[in-house]
Amino acid sequence: MSMQNEEPKAIKRVEDFIERLHNLDYVIDEKAQRLVYFSEISDWGIGHGRKGVLSDLLANAISEYELNRDNPTLKWKAAQKCLIWIDKAFASGVVQEGKGLVSKYKELEREIKHLQERFDECNRRRQILEEENKSLRKLFPKDTFTGDVQGE
């Protein structure tokens with residue numbers, strides 16, 4: 001597989017992971033705060049890393065990616081670093097399915113918008129029918145009917 005094919009896929013994986021974290025589809029288990037790793041990868045290259053807990057190392061990698069998201073020169077490097085920590089988090093079992101409350105909220109907002117549009121359309125049709133009813137009543141006074149609709 002060529003580097004050109006790997007780069008967009010890796011970036012998409014990072015973007016999807018970050019979005020799912022923000023939407024609470026993924027949550028990081030608190031045991032990630034106790035898992036200590038030695039990061040061999042740093043801004044200065046391999047072998048110049050530092051020790052840290054998985055939650056911090058993952059958060060730092062995500063922050064670095066987000067800061068460099070619009071920088072084509074640094075984006076790929078930041079995505080690679082981020083994927084290392086994402087993969088370690090999955091492998092360590094600290095990434096768990098969340099309740100997805102943000103996703104559910106967005107879905108409910110879309111449903112509310114759709115229902116509001118349907119309500120508005122029904123209201124417009126009701127107003128049109130009321131106007132037509134008034135016009136017909138003017139053409140045909142009440143005493144010309146043998147029976148009237150109840151409720152008026």
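Every residue in segment 16-34 that is surrounded by fewer than 15 Cβ atoms within 10 Å (Cβ to Cβ) and either of a type outside the set (Lys, Arg) or within 12 Å of Ala59 (Cα to Cα) (or both), please.
Selection gives Asp16, Glu19, His22, Glu30, Gln33.
Can you tell me which condition His114 does not meet? The list is (1) in contact (Cβ under 8 Å) with a residue 60 or more places away in the chain; (2) within 20 Å of the chain's Cα centre (by Cα), and all the others hold.
(1)
For the list (1) outside the structural domain of Lys9 (by TED's automatic domain parsing); (2) closer than 29 Å to Pro8 by Cβ; (3) of a type outside the set (Ser, Thr, Tyr); (4) modelled with pLDDT under 90, I need the number of the one condition that Gln150 fails.
Looking at each condition in turn, Gln150 falls short on (2).
For residues in segment 70-103 being small (Gly, Ala, Ser) and in contact (Cβ under 8 Å) with a residue 60 or more places away in the chain, which is farthest from Val53 (Cα to Cα)?
Once the filter is applied, the top-ranked residue is Ser103.
Could you tell me whether any residue of segment 92-103 is over 21 Å from the mean Cα position of the chain (by Cα) and under 27 Å from Leu35 (Cβ atoms)?
First, the residues of segment 92-103 that are over 21 Å from the mean Cα position of the chain (by Cα): 92-93.
Subsequent filtering for residues that are under 27 Å from Leu35 (Cβ atoms) retains 92-93.
The answer is yes, given that some residue of segment 92-103 is over 21 Å from the mean Cα position of the chain (by Cα) and under 27 Å from Leu35 (Cβ atoms).
The values are calculated or read from the model by the stated rules, or taken from the named source; none is laboratory data. Keep in mind the model is a prediction, meaning the values are calculated, not measured. Quick reminder, even Gly has a Cβ in these numbers, built from the backbone with ideal geometry, and neighbours come from all protein chains shown.
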